[in-house]
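K.L.:
Here you go, one structure.
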Amino acid sequence: MTKKNVGKKVKTRCPGVYRNPSNGKYYVKFCYTETDVFTGYKEYRQKWYSGFTSFVDAKNKLALLKSGEGILAKYNNEFSLSDAYELWIEKAKADKHSSASFNNTRCQYNMICNFWNPHIPIMSIRESHYYELINQCREYGYSEDTIHNINSCLRKLIKIAYQNRYIKENPLDYWDTPRINPGAKREIITPEEFRLMDQCMADSSFVRCGVDSYLLYRFMLNILYYTGMRIGEALALNYNDFIECKTRGRGARTCYRVSVTKSYKSNYEEIGSTKNFKIREIPIPKNVFYLYKEIFNQHLYDGGSADDRIFEFCHSAYSYILISTCKKVGIPSHSCHDFRHTYISNLIRNGVPISVVEAVSGDVQETIFKHYSHMFKGDENMVLEVLEGME
């Protein structure tokens, strides 16, 4: 008694077309590559099509898929996000865009590349990836204004690729735009709120591999509050970025600074340049430096080096700790970027010249006036005092 090959598909003379001897039907196996949007690695996929009653119909279907008219064939298009950015650069040069337009687009493109591989083919980006990008930007601590600009940049690059026929379909026609609230006011962290968070972390402890993680969490809290660094800049700090020196001239005294030269780049765990490619030194109070010395001495005792990075956790891990601490002490949740807003706002409120604010924050004056102009609106008394002194 012979055994039937029920459901078994056998090859035909056409690669990719199979026949089921039990029912006489033909099947098509279409192979294609799909690129992971986060890593840029190619993954090999296959999809089966069934129900063909003749060999000719199955062969024609396979030819249609390979010609580029099939649903899955579009993923073979290799035109990437970086290609679209280069195309935009050429078009912007021809249209004589301003230097601000070039700088802003470059910054926004680099922010996207913090989360996505720049060589990802545009047609491999799905709507779910798009939404995840927006969520990751929020988790990272970007403001709604920044997320709005990132979203506009991404859509601009996809649009120019489609208009120049480098991609066959415009995915923007099928994607919904996520709700983004540009102009949303950032929360200011009051001194009392900072004191509560600082004390909570000082009283907490979690020792792992001989290192108290909460000592590092507290150190990060103080860095963000007293320097206004972006979270990526703080995560990239090495031990040798902290400086102890003497001021010059009469009344010289010891001062402490931290040097900001690089930034931690999100998912890729790479170190790159700062947002505006600016290198700066920020003065820090002695209590922050003493906390640094305590951590540094323990690091050297454990056999570490001054060239090592201080923080091994990522931005999402610290955001979780920050939110948990806010809940413990009974205050509204704060993001890492709220510390930067608080720092710059405090400097402006206390009469620090805008040129100095620009130097320590790494932002240009135009950005400072745009995002912190509300800090000037309540200072009518200072204006009146100057005017009354002129009488």
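The values are calculated or read from the model by the stated rules, or taken from the named source; none is laboratory data. Predicted, not measured: the structure shown is a model, and the values here were computed from it. Positions of Cβ are backbone-derived with ideal geometry, glycine not excepted, and every protein chain shown enters the neighbour counts. These accessible areas exclude ligands, DNA and RNA; they are computed on the full protein's heavy atoms, side chains included. Shrake-Rupley method; radii C 1.70, N 1.55, O 1.52, S 1.80 Å.
K.L.:
Share of the chain's accessible area from carbon and sulfur, percent, 1.4 Å? Present the calculation step by step, with values, prior to reporting the outcome.
P.N.:
Numbers: 10930 of 21790 Å².
The C+S portion of the solvent-accessible surface of the chain is 50 percent.
K.L.:
Still on this structure, I have one more. Could you name the lysines in cross-link range of K262, using Cα to Cα under 16 Å and dropping any fewer than eight places away on the same chain?
P.N.:
Correct list for K262: K275, K278.
K.L.:
Subtracting the Cα-Cα distance from 0.36 nm times the residue separation, let me have the gained length for S152 to K293 in nm, one decimal.
P.N.:
Working: separation 141, 0.36 × 141 = 50.76 nm, distance 4.35 nm.
Contour length minus the Cα-Cα distance gives 46.4 nm.
K.L.:
Label points 7 Å out from Cα along the Cβ direction at N23 and K328: separation in nm?
P.N.:
Here the modelled spin labels are 6.2 nm apart.
K.L.:
Would you please report the Å³ per residue occupied by the convex hull of the alpha carbon atoms in the stretch 75-118? Provide the component values of the computation, followed by the final result.
P.N.:
Numbers: hull volume 2.6 nm³, N = 44.
It comes to 59 Å³ per residue, whole-number rounded.
K.L.:
Another question about this same structure. What distance in nm separates the two pseudo spin-label positions at Y301 and E86, each 7 Å out from Cα along the beta-carbon direction?
P.N.:
5.3
K.L.:
Running a GNM on the chain with Cα contacts under 10 Å, which residue among Y49, Y290, Y343 ends up with the highest mean-square fluctuation?
P.N.:
Top of the fluctuation ranking is Y49.
K.L.:
Accessible area per residue for the chain in Å², computed with a 1.4 Å probe and the full protein assembly in place, what is it? Please report the intermediate quantities before stating the final value.
P.N.:
Details: 21790 Å² over 391 residues.
Ligands and nucleic acids excluded, the result is 56 Å² per residue.
K.L.:
So, one more: Given H placed 1.01 Å from N in the peptide plane, which residues other than close sequence neighbours of T35 have an amide H under 5 Å from its amide H?
P.N.:
Sorted by chain and number, the residues that satisfy this are E43.
K.L.:
Moving on. So what is the 222 nm mean residue ellipticity for the chain from helices alone, if each DSSP H run of at least 4 adds -39500 (n - 2.57) and you divide by all residues, rounding to the nearest 500 deg cm²/dmol? Mind dumping the intermediate values first?
P.N.:
Working: 15 runs with 183 residues, N = 391.
Rounded to the nearest 500, the figure is -14500 deg cm²/dmol.
K.L.:
Place a point 7 Å from Cα of S316 in the direction of its Cβ. Which residues in the stretch 214-232 have their backbone N less than 19 Å from it?
P.N.:
What the label zone holds, given the 19 Å backbone N cut-off, is 231-232.
K.L.:
Can I ask one more? Could you work out how far apart the two model spin labels at A252 and D212 are, taking each label as a point 7 Å from the Cα in the direction of the beta carbon, and quote it in nm?
P.N.:
3.6
K.L.:
Collect residues whose amide H, placed 1.01 Å from N in the peptide plane, falls under 5 Å from the amide H of A236; neighbours closer than 5 in sequence don't count.
P.N.:
Y264
K.L.:
Related question: For the chain, which semi-axes, largest first and in whole Å, follow from the square roots of 5 times the eigenvalues of its Cα gyration tensor? Let's see the in-between values first.
P.N.:
Numbers: eigenvalues 580, 151, 69 Å².
For the chain, the semi-axes come out at 54, 27, 19 Å.
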